[in-house]
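What follows is a set of notes on a single structure, which appears directly below.
Computed from the coordinates by the stated procedures, all read-outs in this text should not be read as laboratory data. Remember, it's a predicted structure, so these values are computed and weren't measured experimentally. FYI the Cβ positions are ideal-geometry reconstructions off the backbone, even for glycines, and counts take in every protein chain you see.
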Amino acid sequence: MRVKVESYACGGRELWAYALVAGRKDYVISSANGYASAAAARSAGDALLTSLARRAAAKQVTGRPV
């Protein structure tokens, strides 16, 4: 899984969105938009990706949903 960041125009402004994607065809796992900069979108996407990885690791250790 990886973070993909893209810009889009909205009301004459440039905004940014991120998507967590997987696979060769970029299957979207999660997404969010409305960020003022590419760095902000990347940071939010990276934070979500890290959180999901931690939850998956905790589930493997305990064998129970987190």
query = What is the magnitude of the charge dipole of the chain about its Cα centre, with +1 placed on the Cβ of each Lys and Arg, -1 on the Cβ of each Asp and Glu, and no other charges, expressed in debye to the nearest 20?
reply = 360 debye
inquiry  = Can you compute the helix-only [θ] at 222 nm over the chain? Use -39500 (n - 2.57) per DSSP H run of at least 4 residues, normalise by all residues, nearest 500 deg cm²/dmol.
reply    = -13500 deg cm²/dmol
query = Which of 41, 32, 19 moves most in a GNM of the chain, Cα contacts under 10 Å?
reply = 32
message = For the chain, take the longest principal axis of its alpha carbons; what is the angle in degrees between that and the long axis of helix 38-62, to the nearest 10 within 0 to 90?
response = 10 degrees
query = trypsin sites (Lys or Arg not before Pro) within the chain: which are DSSP loop residues with at most 13 other Cβ atoms inside 10 Å?
reply = 24, 25
